[in-house]
Amino acid sequence: MIAAVAAMADLAAANRQRFEQPSAGPAMGLPPTGQESPAITDFVLPMGQAMVIAANRSLSYWFGLAQILENHQALMAQSLVLDPTSGRGPESGRLTAADELRALLREVGELAVRQARILQSELSDLDESLAQNFQQSDLSGSYRRRWRSKI
């Protein structure tokens, strides 16, 4: 399962790099003549980038979750199946199992917070680049409507 999730995460990372490259336009189905409509360049590409970021973070989260569960499953199984001749009482076994479960939950929570912060940072960077692109296009003066009075 971990190998399949790792392969999907690698695929998502490769797709993300393809979207971030400036030459990715024709590969995404844009008109080859360079006659992109403003809606495509202004909204569709950033939306595609946001979806790639979200998919990448989602795969990264599930891959991290699978790793955490893999690390803890052996310890949880050992603490649940106690040898009665080991000298450890049933109460100490329950405490050990509770501690292992708490450690598992703590790691899952930390992973979720870390992935959420990374997602927020990446989307914030995308938001900032989008705002700069709109600000530059407003300052360029290429689209200014000229008003003339009617006589």
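What follows is calculated from the coordinates using simple rules that are stated; it is not laboratory data. None of the values given here were measured: they were computed from a predicted structure. All Cβ positions, even for glycine, are placed from backbone atoms using ideal geometry, and neighbour counts span all protein chains on display.
Couple of notes before you dig in:
- Label-to-label distance, nm, for residues given as L69 and S92 (7 Å Cα→Cβ offset): 3.2 nm
- Charge tally in the Cβ shell below 14 Å around R102, where Lys, Arg are +1 and Asp, Glu are -1, R102 excluded: -2
- With a Förster radius of 35 Å applied to the C-beta separation of L101 and N133, the computed FRET efficiency comes to 0.15.
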